[in-house]
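First the structure, then my questions, so here it is.
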Amino acid sequence: MANKEALRELQGRLAERLQEVRSIEHTVGWLAIESAGHAFLFPLAEAGEIFQPGALLSVPHTEAWFLGVANLRGVLTGVVELAGFLGVRERMPAAVREQARVVAFNPALELNVALMVDKLAGLRHAEQMTPVAPDGQPQPAFAGGRWLDASGRVWQELRLSMLPRDERFLHIIGVD
């Protein structure tokens with residue numbers, strides 16, 4: 001008899017919790033990162049695991065921003081230096097690389113790619129930020145909105161799921 005009562009209580013608690021979860025508004029959230037002095041936001045749903053930079057197997061005849069291939073938890077993953085790809089820095093200085101992190105794409109995106117960034121800056125949520133009006137400048141498809149935080153810093157959202165649609169991102173072959 002006690003087991004049936006315990007089961008009913010458990011079912012009741014689960015039903016209450018499920019109702020709570022359904023009533024919570026899904027807020028927009030990002031992983032905030034910095035690269036070459038620029039502030040970027042990766043959607044949490046698109047960002048995957050974060051790693052310390054480890055051994056990279058370089059790939060000859062590729063762009064300087066394509067750092068090579070890494071074994072991330074048994075998965076061979078191409079590693080792209082974000083600031084280099086965006087054209088805001090030629091090479092990551094050794095001192096910066098010591099603090100750098102590698103952010104893998106969410107496995108749901110089915111892309112074995114990770115971005116090396118200078119440092120992590122925590123999590124951000126839409127209610128903490130104010131949208132910035134577009135400035136009319138052409139933006140690549142992977143550039144999301146721009147957001148202003150409470151300290152006055154502007155953050156650029158980068159939609160990781162859109163990066164593979166950028167021809168330059170797919171064209172890693174460099175010029176010798």
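Looking at the range 130-139, can you tell me whether even one residue there is touching a residue at least 24 places away in the same chain (Cβ under 8 Å) and among the hydrophobic types (A, V, I, L, M, F, W, C)?
No, the range 130-139 has no match at all.
Scan Phe105, Phe66, Phe85 and give me the residue that is buried (at least 18 other Cβ atoms within 10 Å of the Cβ) and either over 28 Å from Val28 (Cβ atoms) or free of Cβ contacts under 8 Å to residues at least 12 places away in the same chain (or both).
Phe66
On the basis of being out of contact with any Gly (no Cβ under 7 Å at 6 or more places or on another chain), within 21 Å of Glu49 (Cα to Cα) and either touching a residue at least 12 places away in the same chain (Cβ under 8 Å) or in a strand (DSSP E or B) (or both), does Pro164 make the cut?
yes
Separate question: For the range 144-176, name all the residues that are surrounded by fewer than 17 Cβ atoms within 10 Å (Cβ to Cβ) and within 15 Å of Glu34 (Cα to Cα).
Matches in the range 144-176: Leu148, Asp149, Arg153, Val154, Gln156.
Every number here is computed from the coordinates shown, using simple stated rules; none is lab data. Please read all numbers here as calculations on a predicted model, not as lab measurements. Neighbour counts are summed over all protein chains in view; Cβ atoms, including those assigned to glycine, are modelled from backbone coordinates with ideal geometry.
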